[in-house]
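S.K.: Mind having a look at this structure? Questions to follow.
The values are calculated or read from the model by the stated rules, or taken from the named source; none is laboratory data. Since this is a predicted model, take the numbers as computed values, not measurements. Every residue, glycine among them, receives a Cβ derived from its backbone with ideal geometry; neighbour counts consider all protein chains shown.
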């Protein structure tokens, strides 16, 4: 008898797994459990191994790789970021992905790529920030002098020639 094919519906799989493991715990033969739960014998064999290994093995295990940083570490990192870069030993108040990566490595011992550091800080609720105003050190007089005197000297301008231009877009 062929077993039915089920979609990977994790909510439906857990009750079936629980029922099969209860049957195994009562001593029902694996082949009978497989027929009753409509799963393969290999699946029932895995269930039997899990029952032998630990209690509550019927619970669905989380998918994917476990997080490298614990919730406690992420909370501590969040507080450190809020405290500022100067408070964490950096020369300026600017947070960069490289600096946050160094902080994570120094404090928690985890090495992350800059892409993953970005994912971590986004998960903590932080975003990239850009300055909204102008720099405090900005010297308007020096800027005006540079624009009026130095820039014209640096700017390349065509020579005033008498012969016409070879460009097809020029009228001369």
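S.K.: Which fully enclosed helices (runs of 4 or more DSSP H) of the stretch 113-172 have 1 or more residues being farther than 25 Å from residue 71 by Cα, out of contact with any strand residue (DSSP E or B) (no Cβ under 7 Å at 6 or more places or on another chain) and at pLDDT below 90?
M.R.: Ranges flagged: 140-145, 151-154.
S.K.: Could you tell me whether residue 57 is more than 30 Å from residue 110 (Cα to Cα), in contact with a helix residue (DSSP H, G or I) (Cβ under 8 Å, 6 or more places away or on another chain), surrounded by 10 or more Cβ atoms within 10 Å (Cβ to Cβ) and modelled with pLDDT under 90?
M.R.: Yes, satisfied.
S.K.: Any idea how many residues of the stretch 91-107 are surrounded by fewer than 16 Cβ atoms within 10 Å (Cβ to Cβ) and in contact with a helix residue (DSSP H, G or I) (Cβ under 6 Å, 6 or more places away or on another chain)?
M.R.: 1
S.K.: Residue 64 fails exactly one of the following numbered conditions: (1) closer than 30 Å to residue 110 by Cβ; (2) modelled with pLDDT of 85 or more. What is the number of that condition?
M.R.: Status for residue 64: all satisfied but (2).
S.K.: Something else about it: Please name all residue pairs, on different chains or six or more residues apart, with Cβ atoms under 7 Å, provided the first residue is in the stretch 1-30 and is under 12 Å from residue 47 (Cα atoms) and the second residue is assigned to a loop (DSSP other than H, G, I, E, B) and at pLDDT below 85.
M.R.: So the pair list comes out as 14/58; 14/60; 17/58; 18/58; 21/57; 21/58.
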